Structures are given as C-alpha cells and as structure tokens.
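Take a look at the structure below.
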Amino acid sequence: MKVNIGWNKLTMSELAQICGGMLCCIGGETDHDILFDSVCTDSRETDAGALFVAIDGEKVSGHDYIGAAVSSGSGCVLCERIPETLTDKKYAAVVVEDSIKAMGELAKAYDRRLNHRKVAITGSVGKTTTKEFVAAVLAESFKVHKTEGNFNSNIGMPLSMLSMKHDTQVSVLEMGMSDFGEIDYLSRIAEPDIAIVTNIGSSHMEHLGSRENICRAKLEIVNGLKKGGTLLLNGDEPLLREYSNPDYTPIYVGIDNKDCDFRAVNIRSSMESTKFELIYNNKVVKRATIPALGKHNVYAALFAYAVGVRMGLDDETIMNGLKNFKPVGMRQNIYDLGGITVIEDCYNASPESMRAAISVLRDLKERQGGRMSAVLGDMYELGDTSPALHEQIGLEFAKMGGSMLYTFGKQANDIALGAVLGGVQNENIFRNEDVRSPALSAEMILSSLRAGDLLLVKASRGAAAERILAYLKENKDRIAKN
C-alpha cells in the first residue's frame, strides 16, 4: 500500500516526536529534517521522498526489505529494528516498538491539523455501500474525503487519513475488523464525530465465536467517538437495540421496527432504482429514490439520510445526494451478458449479504421473468458454524424460487445440500469444488443457461468468482445458442 501525503511534507524529526521513536542516522550523517511526501508499506512501490514502513506480517517481515526500499531511493524508514547488514547504506530511520501503532499515531497527528468533521462506519455487511451513500450525500455541500478500496484495516485506514487534502471538510472512514481490539484502535485514531454500526452478522464467527461477541467488537467504535458525538445504529437488530451507554444516546434507523428514529416505509423497486418514503421527527419525507436495488441498500441510504440531517443538510440536498450514489468495485453491478441478466456481486460474501443478494435476484425475476440462477461460492471465517450457515443459504435460494444453482468451492457443497432439501431438482445443481478452476463453472453455465435467464454471482473475496464472469464474457456468444 502507498499513499501520497495530502498536505504538507513531513520531516523525520517530526515523525520521531509524534511516534515517540528514536531517530537514527544510518551510514553516516543524514539530515534530521529530511522530508517525505508519501508513505508506503511495500518496498516495491518506494521511491525518492517515500517513507517506508517496515511491518512484520504472519509470513513476511517488511524489515527484510528495508535494503530494497533504500536502494529504490527511499531515504526514510519507520521500523522496529535496524538490520545489521544495512549499516553501509545511508538513510534515516525512526525506531519504534510497533510500526503499525506508530503509523496510526502519525495519521492521528496529521488528521488533527485539518479542521474537518469525521464519520466512521463499521458493521458486518454494508460498510462500503453505506460509506458511498454517506459520501454522496455529504458531497452535495462539503469537500469530502472517503476511504478508497480496501483501505479499512489497521494499516489501510491510517494511510487513507494521511492522504486527505488540506481543504477536506468531512472525511468518511470505513473500519474493518476480524477480532477484538481492532475497531477500538481505529476509532481512537479517527476520533469521529459520527459513528455508524450498520448491522451485526455472522462474519468472523471463526475468531469471535458468537454474534454477541461480534456485536461487542463492532461497538468498540464508540471508544474514540467524540464527546457529544452521534451514534447511529441499526434499530432492526435486537443486539444493537439492547445497547446502552451513559455517554451517548443511540439514534436508530430501520425498516421493520416502528420505534426507529429514521424509518423507511412503502419500499418499491423498478429495474434500475428503489423508491421509498422516510419517516423521522414526526414527518414524512416523500419520493426518496436510490439507483440501487434491495432492502440492504435502503438501510445504507437511511444511514446516509440520518448523517445528512445531523450535518445540517436540507431534504432536497440529501435526496440529490442519494440519487448520485454509485456502486463501487464488484458490488451489485447489474448488466446484460449474451441475453442473461447478470448480478455481479463478487467483492465478498457472508450469510447476511448472500440472503440480500438472493432477494435482489428474486425481485428481478418477479419483474422481468426468466429462470432464477446463481453461482454461490464459499463463505469464509465462519468457523464451526460454516456447514449449517452454508446449508441455510441453499435453503433460502430454494425458498425464494431458485431454479439453477452452481456452487463454487468445497464449503459451497453445503449450499447445494440445502438447495436439494429446499426442493431444487438435483439435475439443476452443478458443483465445482475447485476454486482454482473457474472455467469449469463457466462451462457448466454455458451449457445450461439461455437468453432471458437471470444469474447472480456471489462468493467470498478469496474465491475470486469474478473469474467465472470473465470467462463468460469471452464466450457470451455461446449463450444465445442454448
């Protein structure tokens, strides 16, 4: 990962002071005030003016690549130790106990130089979509910085903060996690004015063991929330409804719970958009429209609306922002492929997001007809609950009217089992256990689907199910022949 620092360059002396580290000059005299204008954690991306941050990973240590970074022109290093074999090279190093925490302290100090407000978002699913909706709404009135790509980790989010421009008025930061303490760390760095927990799901069950523990980990977001800040929670989630904190009164958004502060009602979808009315503060806001399908996207829009209200925007401005939302990456991208309507949703998968995607597939079927088919792949990090949760997805697919199922990965065999139990004919279920062979799944699709059918493609990121679609795109002419 690498980012350019969005504002003033920094010196190694400043870095040492911020991080509480020891500034060392290696290979002779080095200017203590040497400047760096970018921060990089990959030695292959370093160049002159880059601060290389050496991080110890599970398999590889960045400290082994300090020499490569310096040889590439970087004269600045943040590390936990100085390799004895590199004393002949000339560079400045700040030595700290923990490189990741030091980078977080740097981001925090840099962030405090900017006069802006911050929105922090976490949750089991929907973080990125909510971030994009919030950013779209706030961009109607403010200069907005938002987390890009996968910069939502204990390494990525600090880098994202360092890339903020000097004129940023609002930053929208996404926070990911896999265990306790990670959201706490990110929240204390960001010090948000508004914190959002989108929902509590089953992702990371392998590490945390229960939904209750996942809820506790997500709610660590309040640990850095500013005094007097706003805490927005999903009011349809019982675990979040039970939350109490003497320092913050939660504001709830939802659809099913009539006691929510912000609530969507009368939800209806067309081929390209979803419309709904919004109730809050004893009034009804009509004609809310978002260019996305599915109940899960309505939740994201509700959070964005609530943020807009808390930031002082009027209804017209907020509505315009919702209309300007654009999905990112491989999230619910709907398009025609050789006469098949494809829902490409390959970025990641959990039981909750699987159900949401299947629901969108069902809604499309109800409006345009065609057979309801899906490539459903492995969902990772579910621990001992994995077989049962995969099987439930198969049952859900059958319950919603699924016709053709293509499973992708070994764990997805349990999705096939659930589908059979739910009534999908066994001859309409095609299994591929080997995620290294996407072409096999694609050939199964090419031999069985026909123009007019609907195809959802969804799996965890590690399965890289988009490779199946790449193969289909190269052979789309064969679909029309079925």
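The values are calculated or read from the model by the stated rules, or taken from the named source; none is laboratory data. Note that the structure is a prediction, hence the values are computed from the model and not measured. Methodologically, a virtual Cβ is constructed for each residue, glycine included, from the backbone with ideal geometry; neighbour enumeration extends over all protein chains shown. Protein only, heavy atoms only, side chains kept; ligands, DNA and RNA dropped before computing areas. Shrake-Rupley method; radii C 1.70, N 1.55, O 1.52, S 1.80 Å.
Available extension along the chain between residue 24 and residue 384 is 124.8 nm, counting 0.36 nm per residue and deducting the alpha carbon span. If I take R0 = 35 Å and measure r between the Cβ atoms of residue 9 and residue 85 in this structure, what FRET efficiency does the formula 1/(1 + (r/R0)^6) give, to the nearest 0.05? Result of the calculation: an efficiency of 0.75. The region of the chain that goes longest without hitting one of the GluC sites (Glu not before Pro) in a DSSP loop, each with at most 11 other Cβ atoms within 10 Å, is 273-482.
In whole percent, what relative contact order does region 15-164 give with Cα contacts below 8 Å and a gap of six or more residues? Let's see the in-between values first.
Working: 227 pairs, mean separation 32.6, N = 150.
Relative contact order comes out at 22 percent.
Applying Stokes-Einstein at 10 °C and 1.306 mPa s to the Kirkwood radius of region 94-168, computed over alpha-carbon pairs, gives a translational diffusion coefficient of 118 µm² s⁻¹. Ranking 248, 332, 280 by how far each Cα lies toward the positive end of the dipole of the chain (charges on Cβ) leaves 280 at the top.
With the crude spin-label approximation of a point 7 Å out along Cα→Cβ, what separation in nm comes out for residue 368 versus residue 97? The two pseudo-label positions are separated by 5.8 nm. Phi angles of region 253-265 translate, via the Karplus equation with coefficients 6.51, -1.76, 1.60 and θ = phi - 60°, into HN-Hα couplings of 10, x, 10, 8, 7, 5, 8, 5, 6, 10, 9, 9, 9 Hz per residue; Gly and Pro are given as x.
Taken per residue, the accessible surface of region 97-239 reaches 33 Å², heavy atoms only and a 1.4 Å probe.
Note on residue 17 and residue 148: with the Förster distance fixed at 22 Å, the Cβ-Cβ geometry gives a FRET efficiency of about 0.15.
Going 7 Å from the Cα of residue 271 in the Cα-to-Cβ direction, what parts of region 316-341 have a backbone nitrogen less than 12 Å from that spot? Taking a point 7 Å out along Cα→Cβ of residue 271, the residues of region 316-341 whose backbone N falls under 12 Å are 335-336, 341. Would you compute the Debye intensity of region 335-429 from its alpha-carbon atoms alone, equal scatterers and no solvent, and pass along log10 I(q)/I(0) at q = 0.10, 0.14, 0.18, 0.24 Å⁻¹ to two decimals? Taking Cα atoms of region 335-429 as identical point scatterers yields -0.23, -0.46, -0.76, -1.30. Computed over the Cα atoms of region 169-220, the ratio of the radius of gyration to the Kirkwood radius (Rg/Rh) comes to 0.99.
When its C-alpha radius of gyration is set against 2.2 N^0.38 Å (N residues), region 33-189 gives a value of 1.12.
Loop-only trypsin sites (Lys or Arg not before Pro) in region 255-364, please: DSSP not H, G, I, E or B, and at most 13 other Cβ atoms within 10 Å.
Details: sites: 258, 263, 268, 275, 283, 286, 287, 295, 310, 323, 331, 355, 362; in loops: 258, 331.
Sparse-neighbourhood loop trypsin sites (Lys or Arg not before Pro): 258.
Let me have the relative contact order for region 144-188, percent, based on Cα pairs under 8 Å that are six or more residues apart. Relative contact order here is 44 percent. For the pair region 263-308 and region 399-473, the centres of their Cα atoms are 32 angstrom apart. Take the Cα of residue 35, step 7 Å toward its Cβ, do the same at residue 71, and the gap between the two points is 2.9 nm. Pairwise Cα distances in region 160-293 exceed 24 Å for 42 percent of all pairs.
Each DSSP beta bridge with both residues in region 1-150 is either parallel or antiparallel, and the antiparallel ones are about 50%.
Each principal axis of region 380-472 carries a Cα extent, and these read 35, 28, 17 Å when sorted largest first.
Axis of helix 413-422 versus longest Cα principal axis of the chain: the two differ by about 30°, to the nearest ten degrees. Listed by chain and number, the aspartates and glutamates whose C-alpha is less than 20 Å from the C-alpha of residue 165, apart from same-chain residues fewer than 8 away, are 14, 37, 105, 111, 132, 140, 148, 174, 191, 193.
A viscosity of 1.002 mPa s and a temperature of 20 °C, combined with the Kirkwood radius over Cα pairs in Stokes-Einstein, give a translational diffusion coefficient for region 233-337 of 147 µm²/s.
For region 64-146, applying the loop criterion from DSSP together with a ceiling of 11 other beta carbons within 10 Å to the trypsin sites (Lys or Arg not before Pro) yields 113. Here residue 279 sits with roughly 60 square angstrom of accessible surface, probe radius 1.4 Å. Rg then Dmax, both in Å and based on the Cα atoms of region 64-130: 17.3, 50. Taking a straight Cα-Cα cut-off under 12 Å and skipping sequence neighbours fewer than 8 places away in the same chain, the aspartates and glutamates within cross-link reach of residue 143 are 167. Within a straight-line Cα-Cα reach of under 26 Å, residue 365 can be paired with the following lysines, leaving aside sequence neighbours fewer than 8 residues apart in one chain: 275, 295, 323, 326, 399, 458, 473, 476, 481.
Legend: calculated FRET efficiency, residue 226 to residue 324, from the Cβ-Cβ distance at R0 = 41 Å, rounded to 0.05, equals 0.90. Sorting the Cα pairs of the chain by distance into bins of 20 Å, from 0 upward, gives 23, 49, 26, 2 percent per bin.
Mean shadow of region 4-70, computed from the convex hull of its alpha carbons, in nm²?
Working: hull surface 20.3 nm².
Value for region 4-70: 5.1 nm².
A straight line joining the Cα centroids of region 51-106 and region 365-388 runs 43 Å. Ranked from largest, the principal axis spans of the Cα set of region 418-482 equal 34, 30, 16 Å.
Counting only protein heavy atoms and using a 1.4 Å probe, what share of the accessible area of the chain belongs to carbon plus sulfur, as a whole percent? Before the final figure, lay out each step's value.
Numbers: 9140 of 20000 Å².
C and S fraction of accessible area: 46 percent.
Using equal-weight Cα scatterers in the Debye expression, the normalised intensity of region 300-391 in log10 at q = 0.18 Å⁻¹ is -0.96. If you take all other residues with their beta carbon under 13 Å from the beta carbon of residue 433, and give Lys and Arg +1 and Asp and Glu -1, the sum is 0.
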